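Since the structure comes first, as structure tokens, the remarks are kept for the end.
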Amino acid sequence: MEYAVTTDRLTRVFGNFTAVDQLTLQIKPGEIYGFLGPNGSGKTTAIRMLCGILEPTSGTATVLGYDLSGETEQIKRRIGYMSQKFSLYDDLTAAENLGFYAGLYNIPRRERKSRVQEMLDMAGLTGREDELVAHLSGGWKQRLALGCAIISRPAIVFLDEPTSGVSPTSRRRFFNIISRLASEGTTVMVTTHFMDEAEYCNKIAFISSGRLMAVDTPDNLKQNVLAGCLVELDLPNAMDQLENIEQLPYVKECSVHGLLLHVLLEDESNLGLLEEYTGVPAKPITPSLEDVFIALANKN
Amino acid sequence: MRRDRMTLGLIFMLPLVQLLLFGYAIQTEVKHIPTVVFDQSLSVESRDLLDAFGASGYFDMTYAASSYTEVNQMIDSGAAKVGIIFPPDFARVIQRGESGQVQVIVDASDNMVANQAMAVANSIGLLQSQKVLLQSKQFKGPPYDIRVRPWYNPDGITAFYMVPAILGIIVTMTMVIMTSMGIVRERERGTLEQLIVTPIKSYELMIGKIVPYIALGYLQITVALLVGVLIFHVPIRGSLLELYLLTLFFITASLGLGILISNIAKSQMQAFQMSFFVMLPSILLSGFMFPREAMPKVIYYLSTIIPLTYYLDIIRGIVLKGIGFPYLVGQVVSLLVFSVVLLTLSILKFKKKIA
Ligand SMILES: Nc1ncnc2c1ncn2[C@@H]1O[C@H](COP(=O)(O)OP(=O)(O)OP(=O)(O)O)[C@@H](O)[C@H]1O
Ligand SMILES: [Mg+2]
């Protein structure tokens, strides 16, 4: 199998609104594939289609070699999915939640216990397995939800904003688990709004308004997406200047990063003009993923 | 709230539909009570009295029986609510100037119909006797001696016919509200989405959702029956086993209704409102509070699409009348049809897809 996932002009329309527009992409086995895009850009919709729980309006896709039209049950048996709101049963304990999903995936009875234990270890929940999920805090719930999604040892997991609402330490811990999964051969497709998480990905696909804007490695995206020259300005009144600078003919983009302004120039030769206008030195920088994100989002 | 069309609609529809429905449905005066006649005398005298019964408008002489057993069967099955029996010597006794006895059997498992039928039968007897007495002086006592015999609940104890009916209402209400809200809650919380990406089959998922509720329904019935028997001394004349078996179809029909509502409702709140909207007619039209015999035709037909209507026949029949399945085939089949249609619809609609 060359690709874990392929889609060909996959489209989903709600009423007269196109949520996913002719999405064509390939995911290699064992990749961590980041799915980035602004709110409402169609990430969840695309993942739901790939999981076989939402009918595409048009286009085709295969997941693990199975066709999305007609082979969704085969697909469901082999994938893991963690939905955007990690949805566990609050009135069950951690171990009961895992046991429940072990049952749903038809894991043989004698294997269930060891599988549940394995997931508890992975989630760092050993010793708290009998606590009600309602009493667990965000980070624990999140790792438990991941445990439920991968207890069947799926060949691919779809994680829809798995780290929203949890602390940086929990997020770090979570991505360590994901990296380990990927190194063991599991394909991971993950959506996120955190750029540091995007850095963990082997590949990033960026979508906006349902359309695929760019796919590449994080490094390549940083190098190639921004045509022009990105500079950093340390202005005392950055916020007031933002609009004025945006108006300059040779400025393509301008955005605030903390106390600094990032300005994308048409060309390196505009550097002097900008310094002259602002009166402070303009320092060329390599763009961050965030710069790339904003540039791509604004393109649409 | 302004955006929640469904809620808004329900708020307007609730008083409109329900009041209209009940304004028409609630008639406590029962006319046209189905009556079976076993006339062994076949005389002018018996026919005169029967004419008076018929002319009152309260009794419809629907069936003519040719034996006591037949009368029993008619009343057991609920086909007739009243039986009028003339003895063979009725005419001869009256011609001799003595009182001719007429037996009027009334199905008292339905209190309101029974009370009315008994009162009307007695007054017809008195009235007709007086008419005869005015024409002839030969009688020592009243010529017509009407002996009313309430069956099944001879003392007219309210609890006897209310407890089984309330049990039915509690069960259907719990089932409809719990399933509809439960499924909508799972959808709201996202656990349903998490469930449908697993390889579980649609029907397995349905069974998984339904079976616990069935168990719950049985638990409720057991508690309610225990209270009925231990505290209100309701007699259980028929087979308890049969009652439990036949209750299954009522529970599944109620669950089907609940699942159907969960398919339409967008929030738990809406699910609750819709359940309420559906339950109110059940309570008022099923014959629980008001006799169905008294309802206008349209509303009477409406009451035939309410599962509780059939279950009331079943539970009152088994508990109070002591009858069994052979008399309740029609009701059981109706509930079965409800269950099959509602559950099939919901399984078909529930395709393991969202949106
Ligand atoms: N069932 C639905 N019916 C109608 N519109 C829908 C439905 N599901 C999603 N949409 C619309 O499709 C668009 C894309 O939604 P989607 O949830 O896929 O975005 P997303 O990229 O996951 O956003 P977020 O980052 O906020 O999670 C949104 O505008 C949303 O309103
Ligand atoms: Mg989303």
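The single condition among (1) of a type outside the set (Val, Ile, Thr); (2) farther than 22 Å from residue A:88 by Cα; (3) within 16 Å of ligand 1 (Cβ to nearest atom) that residue A:182 does not satisfy is (3). Test residue B:148 against the stated conditions and say whether it is at pLDDT 90 or above and either within 28 Å of the chain's Cα centre (by Cα) or of a type in the set (S, T, N, Q) (or both). Spelling it out, residue B:148 is indeed at pLDDT 90 or above and either within 28 Å of the chain's Cα centre (by Cα) or of a type in the set (S, T, N, Q) (or both). Taking residue A:54, is it out of contact with any Asp or Glu (no Cβ under 8 Å at 6 or more places or on another chain) and within 16 Å of ligand 1 (Cβ to nearest atom)? Yes.
For every residue, the table says whether it meets (1) at pLDDT 90 or above; (2) touching an Asp or Glu at 6+ places or on another chain (Cβ under 9 Å).
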| site | (1), (2) |
| --- | --- |
| A:190 | yes, yes |
| A:199 | yes, no |
| A:208 | yes, no |
| A:251 | no, yes |
| A:261 | no, yes |
| A:270 | no, no |
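Highlighted here are the strands (runs of 3 or more DSSP E) found entirely within the range A:1-106 that include at least 3 residues which are farther than 30 Å from residue A:135 by Cβ: A:5-14, A:17-27, A:32-36, A:58-63.
Scanning the range B:132-149 for residues that are assigned to a helix (DSSP H, G or I) and either loosely packed, with under 13 Cβ neighbours inside 10 Å or among the small types (Gly, Ala, Ser) (or both) yields B:134, B:135. A single member of A:60, A:126, A:93, A:44 is open to solvent by 10 Å² or more (accessible area, probe 1.4 Å), within 16 Å of ligand 2 (Cβ to nearest atom) and more than 9 Å from chain B (Cβ to nearest Cβ), and it is A:44. Which of the residues that make up the range A:96-118 are open to solvent by less than 70 Å² (accessible area, probe 1.4 Å), of a type in the set (D, E, K, R) and without any contact (Cβ under 8 Å) to a residue 24 or more places away in the chain? Selection gives A:111, A:112. Check whether at least one residue in the range A:126-147 is assigned to a strand (DSSP E or B) and modelled with pLDDT of 90 or more, and report yes or no. The answer is yes, given that some residue of the range A:126-147 is assigned to a strand (DSSP E or B) and modelled with pLDDT of 90 or more.
For the range A:19-41, the tally of residues that are within 13 Å of ligand 2 (Cβ to nearest atom) and out of contact with any Lys or Arg (no Cβ under 7 Å at 6 or more places or on another chain) stands at 5. Applying the condition of being open to solvent by less than 10 Å² (accessible area, probe 1.4 Å) and within 15 Å of ligand 2 (Cβ to nearest atom) to the range A:146-165 and asking which residue is farthest from residue A:122 (Cα to Cα) yields A:160. Of all residue pairs spaced 6 or more apart or on separate chains, those with beta-carbon atoms under 9 Å, a first member in the range A:153-173 that is free of Cβ contacts under 8 Å to residues at least 60 places away in the same chain and farther than 16 Å from residue A:32 by Cβ and a second member that is more than 16 Å from ligand 1 (Cβ to nearest atom) and in a strand (DSSP E or B) are A:153/A:80. Which one of these is under 23 Å from the mean Cα position of the chain (by Cα) and not hydroxyl-bearing (Ser, Thr, Tyr): A:117, A:142? The unique qualifying residue is A:142.
Quick one: which residue in A:7, A:60 is more than 29 Å from residue A:219 (Cβ to Cβ) and either out of contact with any Phe, Trp or Tyr (no Cβ under 6 Å at 6 or more places or on another chain) or away from ligand 1 (no atom under 16 Å from the Cβ) (or both)? After applying the criteria, what remains is A:60.
For first residues located in the range B:29-52 and among the charged types (D, E, K, R), partners that are open to solvent by less than 30 Å² (accessible area, probe 1.4 Å) and lie 6+ apart or on another chain with Cβ distances below 6 Å form the pairs B:31/B:57; B:39/B:46; B:39/B:86; B:45/B:91; B:45/B:94.
The values are calculated or read from the model by the stated rules, or taken from the named source; none is laboratory data. What you see is a predicted model, and the numbers here were worked out from it, not measured in a lab. Here the Cβ is made from the backbone with ideal geometry for all residues, glycine too, and neighbour counts use every protein chain on show. In case anyone asks, the SASA skips ligands and DNA or RNA and just uses the protein heavy atoms, side chains included. Shrake-Rupley method; radii C 1.70, N 1.55, O 1.52, S 1.80 Å.
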